[in-house]
C-alpha cells in the first residue's frame, strides 16, 4: 500500500517539510502528497527533485493536486 501525505489546508512551508520528513524517514520508493495550492505543488516538486525524487504522476481535481513522487 502506498503512503499518502494529506497537506490540504496547510500553508507553505509545512507541506514541503512534511514531504521532506517522509523522504528522510522512509525506505519506500514511492508515496503520494495531496495539496490544494499551486505554490505548495511547485515547492514540493522543487524540494523533492533536490533530494533525488521525481513526479511519477500528477492529478488535478479543481484546486487539489495529487502528486505521486518516486525515487529517481
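Quick note: the coordinates plus some simple rules give every number you see, no bench work behind them. Here the structure is a predicted model, which means the values were calculated and not measured. Glycine also receives a Cβ, built like all others from the backbone with ideal geometry; neighbour counts cover every protein chain displayed.
Listed values, structure above:
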item: Per-residue Cβ neighbour rank within 10 angstrom, fewest leading, 58, 18, 1; result: 1, 58, 18
item: Helix axis angle, 38-50 relative to the chain longest principal axis, alpha carbon, degrees; result: 10
item: Distance from segment 1-38 to segment 44-68 (C-alpha centre basis), Å; result: 9
item: Helix-only CD estimate at 222 nm, as mean residue ellipticity for the chain, using -39500 (n - 2.57) per DSSP H run (n ≥ 4); result: -11000 deg cm²/dmol
item: Rounded to 5, percent antiparallel among DSSP beta bridges of the chain; result: 80
item: Virtual spin-label span in nm between residue 58 and residue 42, 7 Å along Cα→Cβ; result: 1.1
